[in-house]
Amino acid sequence: MATHAAFMPGEAAAAPSGLWSWITTVDHKRIGILYGTSAFIFFLVGGIEALIMRLQLAAPDNTLVGAQRFNELFTMHGTTMVFLAIMPMSAAFFNYMIPLLIGARDVAFPRLNALSYWVFLAGALLLNASFVVGAAPDGGWFGYATLTSKQFSPGQSIDFWVLGLQILGLSSLMAGFNFIVTIVNMRAPGMTLMRMPVFVWMSLVVQFLVVLAFPAITVALILLMFDRFFGTLFYAPAAGGDPLLWQHLFWIFGHPEVYILILPAMGIVSEVLPTFARKPLFGAPVVIYSGIMIGFFGFGVWSHHMFAVGMGPVADSAFSIATMLIAIPTGVKIFNWIGTLWSGSIRFTAALYFSLGFIAMFIMGGLSGVMHASPPVDLQQTDTYFVVAHLHYVLFGGSIFGLFSGAYYWWPKITGRMLDERLGTLHFWLMLIGFNVTFFPMHYLGLIGMPRRIYTYAPDLGWNFWNLVSTVGAFLIAVSFLVFIANVWKTMRAGAVASPDPWDGRTLEWAIASPPPVHNFGVIPTVHGRDELWLQKHGDGHGGTPAPRPPAPTRQDLASIHMPPPSYWPILLAASMLFMMSGALISIYQVVLGGLLTLYCMFRFALEYHRPHPQESLR
Amino acid sequence: MSSAHVAAHAVHDPNTGTTGLDNRKMGMWAFLGSECMFFGTLIGTYLSYKGKSISGPTPHEILNIPLTSVSAFVLLMSSLLMVLALAAVQRNDMTWGKIWLFLTALLGAGFVGFQIYEFTHFVHLGLTLQTNLFGTTFFVLTGFHGAHVTGGVIWLLSLWVLALRGKLGPQDSLKVEICGLYWHFVDIVWIAIFTLVYLIP
């Protein structure tokens, strides 16, 4: 049955096109594009939410939105940016780049990969459907119980949040299993772990963080769901429950989550800097070890989010020291990046600008982070705008700058078109200036006492001017993204066609066409060191001979490649899961019907290739 | 030349990768690692609420250790049968393969039956999800374990039905092995729960 659908590459084969081919795709590159596009749309949605908040705060006693709407805006802004923008933007690069960087033809489980995407989309839609029915979540992205318990949030808004996050967590977990196996088990011959590109290494650390941290929030959300739907007492202090249980469970997830958001950007920067400095990454093994250390320590610092709740001096000291320790591997990385640039032949492309912006902004965010690590200082800063400034310097100044560096760097590979470098540079400078105008004054506002999450303030507190400045900066950021969209629009219509290797790149993705053929590599390359393509082109820089290039694929090679055929079960399974989960808001019958549908789809998914003809399975 | 050789090799053995392990098996191990954190969090919640209930019934008033020991024994024996099932499938002895797969599922279902009896009995004694912190944490922890066992029973029965239809043989033994990994994991979790919830006063 599947034989006719199996892709037979060769000079005559073209990628299938049309909407149906995207819905049923199991190609990691297409799934990457789906992730990236969806994430960018949700990034714009979250950005608009931020702009409305900044408009409300631009002047004292403003009445643009009320307190309730403001609560919904900051809740959805945080949830959207973390779960629907930065994580899936990282997932876009994991999907598209990891198989290319390790010399593989796809991920380990292509259909599971498609399922991850559709489940992500289902969760994102459910979360945002709350706006349509007028019950947007309003409990903060951290959703502290007991604030989110039935007693204090009786409506359906928190139910949307709980169910949406539960679905999104499922998607992240499935992707995590998939990428761990892909990275560990599908590397090209010769690609030992220490020869893996640093982006792949940081991705691997992130997958371990996802797999080990998401269960904590899954359980926290299950307990909250049971409290809300079935009247259990997990978050009921009146029955003896611990009011800190949610906070601990949430931050056991929440702090590794911070590294889930930043490590992919660190990986991207570690690829971009060597390419544009035309030097190997300085001390690459140390960068890798530092990334592992950051991931490891990330599990031991969660309570620094809770210094203000009164855990006592012993716990405070332990978490304070552990938090300060994380600054060491982070600082090591920064010196390695600077060392990479040192005496390099630097080419100032948009991608490099964004990486430089990442380093500078992340240093600032990191420094204010070390300030919070000290409990006495943190007590002054908790719940003030100083924390808002800090977290945006690491998540916007860090993650978003890093991810856009990746977007400019890999755009030619993904689309086959060059972005306009002048518009890209303009995007960078507008974003850098707008970012600092928006968020730097928040340090000061926080230190003079402006609390977070207030929807308005009195005119005589001395906060008026810097709030206005911050709002102006936010619109500058918005303009910078209009420049980006214009750049994409312009170059997709009439941009220069990208060569396979426009940047004189170092890693395997630049050895193949832009965009890559469906099967990626005609002949799976053999790897001789880190920066394999550079070794093939230029040798090791110490007079050694260049590494041998893989032979051109013969017709026989190409005929022996078998890519997995498309499947519609991933989207059907995701849709039935969404039907089941949304039933919790509507009717128990829908839950049961959805559950049966989900079970049916799971069987069809699992047995789709039970005992395939050997050639129909992947590779 | 060597790359061509490796590529050709990869075509013949599509799921075996860099480490020599099968992708699906490694994926299962990653999943079980995640499950460790899942149950670890649930057990941690139970333990942190142990003895914090402000009203009865308390665990020692209500838990029936002899009865649950029997059900724990049933579940552990099912692990033995799982090993026998895998061995039978691997040596292409599908007669015994079917028998052992079915009996593994049967013992698993027996464990779930014990749990249903236990839960209804506790409800009659006045312990529900909403009674106190013990009821809340006990039912959710053991209930999620029971749900995992139920999922395993469905999985085992699916393999059994495939075997009945002649669609399961030695070449599919990895699917049985992966199901077995999950099944043994669920058993091990029960050993932890049984010890921490029932045996330690």
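The values are calculated or read from the model by the stated rules, or taken from the named source; none is laboratory data. Keep in mind that what you see is a predicted model, and the values were worked out from it rather than measured. With ideal geometry, Cβ positions are generated from the backbone for all residues, glycine too; neighbour counts draw on all protein chains shown. Side chains included, ligands, DNA and RNA excluded: accessible areas come from the protein's heavy atoms. Shrake-Rupley method; radii C 1.70, N 1.55, O 1.52, S 1.80 Å.
Values as computed for the structure displayed
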{"item": "Rounded percent of accessible protein surface that carbon and sulfur make up, chain A, 1.4 Å probe", "result": "72"}
{"item": "Computed lengthening from A:Val472 to A:Ile41, 0.36 nm per intervening residue step minus Cα-Cα distance", "result": "152.9 nm"}
{"item": "Among B:Thr58, B:Gly146, B:Phe73 - extreme Cα towards positive end, dipole of chain B, charges at beta-carbon", "result": "B:Gly146"}
{"item": "Three-way shape label, segment A:216-257, alpha-carbon gyration tensor, a/c 1.5", "result": "oblate"}
{"item": "Other protein chain Cβ atoms within 10 Å, averaged over every residue that makes up B:42-49", "result": "4"}
{"item": "Segment B:26-146, accessible area per residue, ligands and nucleic acids excluded (1.4 Å, Å²)", "result": "43"}
{"item": "Gain upon complete extension [A:Ile433, A:Arg347; 0.36 nm per residue less C-alpha separation]", "result": "28.8 nm"}
{"item": "Filtered trypsin sites (Lys or Arg not before Pro), segment B:126-190: DSSP coil and at most 15 other beta carbons within 10 Å", "result": "B:Arg165, B:Lys167"}
{"item": "Dipole of chain A, positive direction: furthest Cα of A:Val133, A:Val387, A:Trp201, with charges on the beta-carbon", "result": "A:Trp201"}
{"item": "Shielding score for A:228-237, defined as the mean number of other chain Cβ atoms within 10 Å", "result": "4"}
{"item": "On Cα atoms only, tilt of B:133-164 relative to the major axis of chain B in degrees", "result": "30"}
{"item": "For peptides A:572-585, A:95-108, sequence by mean Cβ density within 10 Å, most packed first", "result": "A:95-108, A:572-585"}
{"item": "Subset of A:Lys150/B:Lys50; A:Lys490/A:Lys537; A:Lys413/B:Lys25; A:Lys279/A:Lys413 violating a 31 Å alpha-carbon distance limit", "result": "A:Lys490/A:Lys537; A:Lys413/B:Lys25"}
{"item": "Cα centre as origin, Lys/Arg/Asp/Glu Cβ charges: the protein assembly as shown dipole, Debye", "result": "1260"}
{"item": "Most fluctuating residue given options B:Ala88, B:Ala147, B:Ala105, as computed from a GNM of chain B linking Cα atoms under 10 Å", "result": "B:Ala147"}
{"item": "Magnitude of the charge dipole, segment B:34-199, Cβ model with Lys/Arg +1 and Asp/Glu -1, debye to 20", "result": "200"}
{"item": "Contact order relative to length of chain A, as percent, for alpha carbon pairs under 8 angstrom and 6 or more apart", "result": "19"}
{"item": "Mean residue ellipticity (222 nm) of the protein assembly as shown, computed from DSSP H runs ≥ 4 via -39,500 (n - 2.57), nearest 500", "result": "-22500 deg cm²/dmol"}
{"item": "Averaged over A:171-182, number of beta-carbon atoms from partner chains that fall within 10 Å", "result": "4"}
{"item": "Nearest 10 degrees, 0 to 90: helix B:94-124 Cα axis against chain B principal axis", "result": "20"}
{"item": "Amide proton proximity set for A:Met563, modelled H, under 5 Å, gap of 5+", "result": "A:Phe7"}
{"item": "Dipole axis of the protein assembly as shown (+1 Lys, Arg; -1 Asp, Glu on Cβ), positive-most option in A:Leu445, A:Phe296, A:Ser149", "result": "A:Phe296"}
{"item": "Shape call, the protein assembly as shown: gyration tensor on alpha carbons, a/c limit 1.5", "result": "oblate"}
{"item": "Separation between Cα centres of segment A:386-406 and segment A:526-569, rounded to whole Å", "result": "35"}
{"item": "Helix axis angle, A:313-341 relative to chain A longest principal axis, alpha carbon, degrees", "result": "40"}
{"item": "Anisotropy class of segment A:466-619 from Cα gyration tensor, a/c 1.5 cut", "result": "oblate"}
